[in-house]
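*Asks:* Below is the structure I would like to discuss, written out as structure tokens.
The values are calculated or read from the model by the stated rules, or taken from the named source; none is laboratory data. As the structure is a computational prediction, the values presented were derived from the model and not from experiment. Glycine gets a Cβ as well: all are built from the backbone with ideal geometry, and neighbour counts include every protein chain shown. Note: areas computed on protein heavy atoms with side chains; ligands, DNA, RNA excluded. Shrake-Rupley method; radii C 1.70, N 1.55, O 1.52, S 1.80 Å.
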Amino acid sequence: MLRSFASKNTLKCFTRSYSVKSESTLLKTPLYETHVELGATMVPFAGFSMPVLYKDQTHIKSHNWTRTKCGVFDVSHMVQHKISGPNTTRFLEKICPTDFSVLKPFQSSLSVLLNNEGGVVDDTIVTKHDEDSYYIVTNAGCRDQDLAFFKEELAKYEDGSEIKHSTFGGTLLAIQGPKSQEIVSKFTNTKLDDLYFGNSRFIDLQGFGTDAKFHIARGGYTGEDGFEISIPDDKVGVDFFKALLEYDEIVKPIGLAARDSLRLEAGMCLYGHELNTDITPIEASLNWLVSKSRRSPENANFNGANKILSQINDPKSVKFKRVGLVSKGPSPRHGNKIFSAEDPTKEIGVICSGSPSPSVGGNVAQAFIYKPFQKIGTKVKVEIRGKLRDAEVAKMPFYPTSYYRG
């Protein structure tokens, strides 16, 4: 079963993200020309030409800079949605296992879009702006899959005729690291001290010739404090990005390479690796995404509820789950097979993601592993380049998170 995840299912969205396209067919974010001017190495990602590294930066330098100062990531390739109208909250609670009714205006929640079998169509951040009015961000690599999913689910939802769903573009910046608030505060008159993790608001941006307000959310994908700012005006987005980089003693642009190792150390999932349409949130060790209020029979009306709740109520029925691994030597990579340390002929799992860890040393990885080999401290073997290498099941996150909670 796990071998099929590595060879086929786990790769569904990932291979689509990295599909080979000519430069002329790749989409470009509003910041593309600026990346080129900065000497970035551009690679195909999710149908876009995106920066993986910048001139005079190594992967490790970029990673450590974000952990200690402030890194700015272009995430404009992500899909930004607006959805509103009567019954929107109930509709979202049909396709997600989250209780959105308890969110206050401008509170956010990580969630997942679910198919009828309880598999994950995509992971997403859902922000409640008002009753039945939401801002949602989904993954770029699953754009076509997600848009088709929303369209289909709305069409069959009995109270969905008045729900309006649309997407929009522009510049979306992830400003991450312990110096993030110091930097952003230089460009706004809006107070940020009381904007806590998982919350958002609209702020002004000074010095860019506009009175418009821009959506800012406290959070990110690195485990560090930080913000994500949505700027639909391309000119303002480019000018703001360049203005941030003028504070070069604190701020650097950071590419996809460090973004991946940062999220790995923080124990965060990447769609197409730790999540796909055949994996339930429970198998992905994301039980907490299923709100406790949604687990009662009268509220368990979300897609795949029977399967997901049966896994919650009977943990023994969950044959494998996502766990962390640490190792030395060559790094485990996506698709590497995992074997029992006591019986190296017994295949017990597969690597979802793996990378050297600049922050903690050695390697960190996430894996699907069968029972009873999931306990922290369990020794295992990972097949890397034809050889079995020692590894150990470890607690996640591998590196402490630094979210700003007040």
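*Asks:* Which FRET efficiency value, to the nearest 0.05, do you get for ASP248 and LYS28 by plugging their Cβ-Cβ distance into 1/(1 + (r/R0)^6) with R0 = 22 Å?
*Replies:* 0.35
*Asks:* Return the equivalent ellipsoid semi-axes of the stretch 267-308 as a descending list in whole Å, where each equals the square root of 5 times an eigenvalue of the C-alpha gyration tensor.
*Replies:* Semi-axes, largest first: 21, 11, 7 Å.
*Asks:* Please compute, over every Cα-Cα pair in the stretch 192-255, the percentage with a separation greater than 15 angstrom. Please report the intermediate quantities before stating the final value.
*Replies:* Numbers: 1179 of 2016 pairs.
Of the Cα pairs, 58 percent sit more than 15 Å apart.
*Asks:* Roughly how large, in nm² to one decimal, is the mean projection of the convex hull of the alpha-carbon atoms in the stretch 222-269?
*Replies:* Seen from a random direction, the Cα hull of the stretch 222-269 projects 4.2 nm² on average.
*Asks:* Another question about this same structure. Sort LYS387, LYS186 by accessible area with a 1.4 Å probe, largest first.
*Replies:* Accessible-area ranking of LYS387, LYS186, largest first: LYS387, LYS186.
*Asks:* Related question: Within a Cβ distance under 13 Å of ASP390, other residues only, what is the Lys/Arg minus Asp/Glu net charge?
*Replies:* Result for the neighbourhood of ASP390: +2.
*Asks:* Separation between the LYS191 and LEU388 pseudo-spin-labels, each 7 Å from Cα along Cα→Cβ, expressed in nm?
*Replies:* Between LYS191 and LEU388, the simple spin-label model gives 6.1 nm.
*Asks:* To the nearest 20 debye, what charge dipole does the chain have about its Cα centre, counting +1 at the Cβ of each Lys and Arg and -1 at the Cβ of each Asp and Glu? Before the final figure, lay out each step's value.
*Replies:* Details: 51 positive and 47 negative charges, 315 e Å.
Once rounded to the nearest 20, the dipole reads 1520 debye.
*Asks:* Here's another thing I want to ask about it. On average, how much accessible surface per residue is there in the stretch 254-315, in Å², for a 1.4 Å probe, leaving out ligands, DNA and RNA?
*Replies:* For the stretch 254-315, the solvent-accessible area averages 35 Å² per residue.
*Asks:* For the chain, build the charge dipole from Cβ charges (+1 Lys, Arg; -1 Asp, Glu) around the Cα centre, then report which of VAL350, VAL360, LEU113 sits farthest towards its positive end.
*Replies:* Highest projection toward the positive end goes to VAL350.
*Asks:* What ratio of Cα Rg to 2.2 N^0.38 Å holds for the stretch 229-381?
*Replies:* That ratio works out to 1.34.
*Asks:* If Lys and Arg each add +1 and Asp and Glu each add -1, what is the summed charge of the other residues whose beta carbon sits under 10 Å from the beta carbon of GLY198?
*Replies:* Overall, the nearby charge balance is +2.
*Asks:* Just grab the label-to-label distance for ILE60 and LYS164, each label 7 Å out from Cα along the Cβ direction, in nm (one decimal).
*Replies:* 5.3
*Asks:* Given an 8 Å cut-off on Cα distances and at least 6 residues of separation, report the relative contact order of the stretch 307-406 as a percent.
*Replies:* Here the relative contact order equals 31 percent.
*Asks:* For HIS59, what accessible area in Å² do you get when you roll a 1.4 Å probe over the heavy atoms of the protein chains, rounding to the nearest 10?
*Replies:* That residue has around 60 Å² of solvent-accessible surface.
*Asks:* Mind checking the log10 I(q)/I(0) for the chain at q = 0.09 Å⁻¹? Debye, one equal scatterer per Cα, no solvent, two decimals.
*Replies:* Ignoring solvent entirely, the Cα scatterers give -0.55.
*Asks:* With the full set of protein chains in place, find how many percent of the accessible area of the chain is carbon and sulfur; take the probe as 1.4 Å.
*Replies:* Solvent-exposed carbon and sulfur of the chain make up 51 percent of the total.
*Asks:* Need one value: the accessible area of ASP194 in square angstrom, 1.4 angstrom probe, rounded to the nearest 10.
*Replies:* About 70 Å², rounded to the nearest 10.
*Asks:* So, one more: So for THR378, THR88, what's the accessible-area order with a 1.4 Å probe, most first?
*Replies:* On the way: THR378 30, THR88 0 Å².
Solvent-accessible surface, decreasing: THR378, THR88.
*Asks:* Take the eigenvalues of the Cα gyration tensor for the stretch 301-350, scale each by 5, and report the square roots as semi-axes in whole Å, largest first.
*Replies:* Working: eigenvalues 184, 40, 16 Å².
The equivalent ellipsoid of the stretch 301-350 has semi-axes of 30, 14, 9 Å.
*Asks:* Taking 0.36 nm per residue of sequence separation and subtracting the Cα-Cα distance, how much length would be gained by fully extending the chain between LEU154 and ASP343, in nm to one decimal?
*Replies:* Taking 0.36 nm per residue and subtracting the Cα distance, the gain is 63.0 nm.
*Asks:* Return the subset of LYS104/LYS316; LYS28/LYS186; LYS128/LYS292; LYS328/LYS375 for which the Cα-Cα distance in this structure is over 25 Å, preserving the input order.
*Replies:* LYS104/LYS316; LYS28/LYS186
*Asks:* Right, here's the next one. Going by average Cβ neighbours within 10 Å, how do the peptides 212-224, 91-103, 235-247 rank, with the highest at the top?
*Replies:* Ranked by mean Cβ neighbours within 10 Å, highest first: 212-224, 91-103, 235-247.
*Asks:* Let me ask something additional. Round to the nearest 10 and report in Å² the accessible area of LEU154, as given by a 1.4 Å probe over the protein chains' heavy atoms.
*Replies:* 30
*Asks:* At a Förster distance of 25 Å, what's the computed FRET efficiency of ASP314 paired with ASN116, Cβ-Cβ distance as r, to 0.05?
*Replies:* The formula returns an efficiency of 0.80 here.
*Asks:* Could you give the Stokes-Einstein D for the stretch 21-166 in µm² per second, using the C-alpha Kirkwood radius, 10 °C, 1.306 mPa s?
*Replies:* 92
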